[in-house]
C-alpha cells in the first residue's frame, strides 16, 4: 500500500473497526452488514478530515468501495 492507501485504510478501520485490515481494500457496502448509511456518512467525515477535502456522495458516483473512494480522493487532490 502506498501512503494514500494506508491513510484511507486507517479511515476505514476507524469507522469499521471489526473489518480486518487485509480485507479493507476489497470491501464494499454489499460485503458488510455494518456498512449502512450512517457508516458511509461517518466514513466521509473521517476522510474529509484526514485528507483535508470535501467529499459528497455524488463525488464517488455510488461507488463506495475502497477503490472508488480512493479514486475520488485522487481526483479531488489533483484539482
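The values are calculated or read from the model by the stated rules, or taken from the named source; none is laboratory data. Keep in mind that this is a model prediction, so the values were computed, not measured. Every residue, glycine as well, gets a Cβ built from its backbone with ideal geometry; the counts of neighbours run over all protein chains shown.
Of the residues making up segment 7-57, those that are farther than 15 Å from residue 77 by Cβ and assigned to a loop (DSSP other than H, G, I, E, B) number 14. Condition check for residue 67 on (1) at pLDDT 90 or above; (2) exposed (fewer than 13 other Cβ atoms within 10 Å of the Cβ): one failure, at (2).
Screening residue 4 with (1) part of a helix (DSSP H, G or I); (2) surrounded by fewer than 16 Cβ atoms within 10 Å (Cβ to Cβ); (3) free of Cβ contacts under 8 Å to residues at least 24 places away in the same chain gives one miss only, at (3).
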